[in-house]
Amino acid sequence: MATTHKLIIGNCMSMEEIPDGSVHLMVTSPPYFNAPFDYKGLFKSYGQYLGVLRNFAKETFRVLQDGRIAVLNIDDMLINGEKFPIVADATKIFQEAGFRYRDKIIWKKPDGYLRISRRSGVMLQNPYPMYFYPDNLLESILIFQKGKFNYRSISEEVREASKVEMKEFSSGKWYMTLWEMNNVMPGSPLEKDIAAFPEELPYRAIKLFSYKDEIILDPFVGSGTTMKKARELGRNSIGYEIKKSLVPIIKKKLGFDGQDTLFASLNDKFEIVYRKEGRYGPIR
Ligand SMILES: C[S@@+](CC[C@H](N)C(=O)[O-])C[C@H]1O[C@@H](n2cnc3c(N)ncnc32)[C@H](O)[C@@H]1O
């Protein structure tokens, strides 16, 4: 069946284009708090950052169907020697929005991962006590649920069409709370200056928590990784992105730039809505 993908260029603190209870799964990674390499100036304070998470959590709760899941890839942030407890704060914020905290998976990047500067290097220069800051190879994947899922609401046909391959589940060790996944290499052409997550992350989330033909939401689209995997897996998608300048990248990644041959035979639809400038409008 053909799928539909809708990109809204605007701020996800309001998801007014989406009716209540109409989305089946949310998968996202919010912007880093004050990451110096790509979001400089987006947040004036940690309090303001948490305010964005609060609005986005409330809106996610509203648009999700009862029983459905929100998957949040997020991590604590070290700035000038102070660690901001973003994972703990985001968990509390999602609970306060009405979600049940269902689980936490740790994503481990390969040893030698390099994106932010190597903190442990300080010890090489100063091999003395008190200089220790470890390199961070981990991120959290938080799983929240809105109420209880009614397994009987899915037809036998859709259930079978959405079956999880046990071979893949076992060999990829999806069953553990530790997922070892490669990160996107800095400087990859489509994800340049975007802190993109690996395709494997939304791939697993979509397979584990949604059925064919359902609607997947990513409120912080970035390069469009979640929407791309939704398309590949026969799901529909809705995404929000505040930066207008990312539109060509997202179109290309999803295969809607007119150049794609992989999906050429499908009748999938792509729609872009540009919000008006203003409080919840786009930037740049
Ligand atoms: C960490 S990136 C997401 C990367 C994405 N998972 C990928 O694989 O490419 C976060 C994105 O959220 C966007 N963003 C930040 N604040 C936003 C907001 N309030 N509403 C919508 N998008 C926002 C940023 O411009 C950035 O592209």
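The values are calculated or read from the model by the stated rules, or taken from the named source; none is laboratory data. The structure presented is a predicted model; accordingly, all values stated were derived computationally and were not measured. All Cβ positions, glycine included, derive from the backbone under ideal geometry; neighbour counts span all protein chains shown.
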Scope the stretch 189-243; condition within 11 Å of the ligand (Cβ to nearest atom), within 19 Å of G10 (Cβ to Cβ) and outside any loop (DSSP other than H, G, I, E, B); matching residues: D218, T226, M227, G239, Y240, E241, K243
Report, ordered by the first and then the second residue, all pairs with beta carbons closer than 8 Å, sequence separation of six or more or different chains, a first member in the stretch 85-112 that is in a loop (DSSP other than H, G, I, E, B), and a second member that is surrounded by 12 or more Cβ atoms within 10 Å (Cβ to Cβ) and among the small types (G, A, S). A97/A57; F99/A57; F99/A70
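Return yes or no: is R54 basic (K, R) and within 16 Å of the ligand (Cβ to nearest atom)?
Taking the combined requirement at face value, the residue satisfies it.
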Does G81 meet the test of being modelled with pLDDT of 95 or more and away from the ligand (no atom under 16 Å from the Cβ)? no
Six or more apart or on different chains, Cβ under 6 Å: which pairs go from a residue in the stretch 1-26 that's in contact (Cβ under 8 Å) with a residue 12 or more places away in the chain and more than 16 Å from the ligand (Cβ to nearest atom) to one that's part of a loop (DSSP other than H, G, I, E, B) and among the small types (G, A, S)? Could you list them? H24/S210
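Can you spot a residue in the stretch 167-182 that is polar (S, T, N, Q), surrounded by 15 or more Cβ atoms within 10 Å (Cβ to Cβ) and away from the ligand (no atom under 11 Å from the Cβ)?
Pass one, the stretch 167-182, residues polar (S, T, N, Q): 170-171, 177, 182.
If we keep only those that are surrounded by 15 or more Cβ atoms within 10 Å (Cβ to Cβ) too, we end up with none.
Looking through the stretch 167-182, none of the residues is polar (S, T, N, Q), surrounded by 15 or more Cβ atoms within 10 Å (Cβ to Cβ) and away from the ligand (no atom under 11 Å from the Cβ).
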Selection over the stretch 10-23 where residues are touching a Lys or Arg at 6+ places or on another chain (Cβ under 7 Å) and surrounded by fewer than 22 Cβ atoms within 10 Å (Cβ to Cβ) yields a count of 1
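Assess whether F263 counts as being closer than 30 Å to M166 by Cα, at pLDDT below 95 and either more than 12 Å from the ligand (Cβ to nearest atom) or in contact with a Pro (Cβ under 7 Å, 6 or more places away or on another chain) (or both).
Spelling it out, F263 is indeed closer than 30 Å to M166 by Cα, at pLDDT below 95 and either more than 12 Å from the ligand (Cβ to nearest atom) or in contact with a Pro (Cβ under 7 Å, 6 or more places away or on another chain) (or both).
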Could you please tell me which pairs satisfy a Cβ distance under 6 Å, a separation of 6+ or placement on different chains, a first residue in the stretch 160-175 that is under 13 Å from L208 (Cα atoms), and a second residue that is outside any helix (DSSP H, G or I) and not basic (K, R)? S162/Y211
Considering the stretch 85-111 alone, what residues qualify as being modelled with pLDDT under 95 and within 16 Å of the ligand (Cβ to nearest atom)? K109
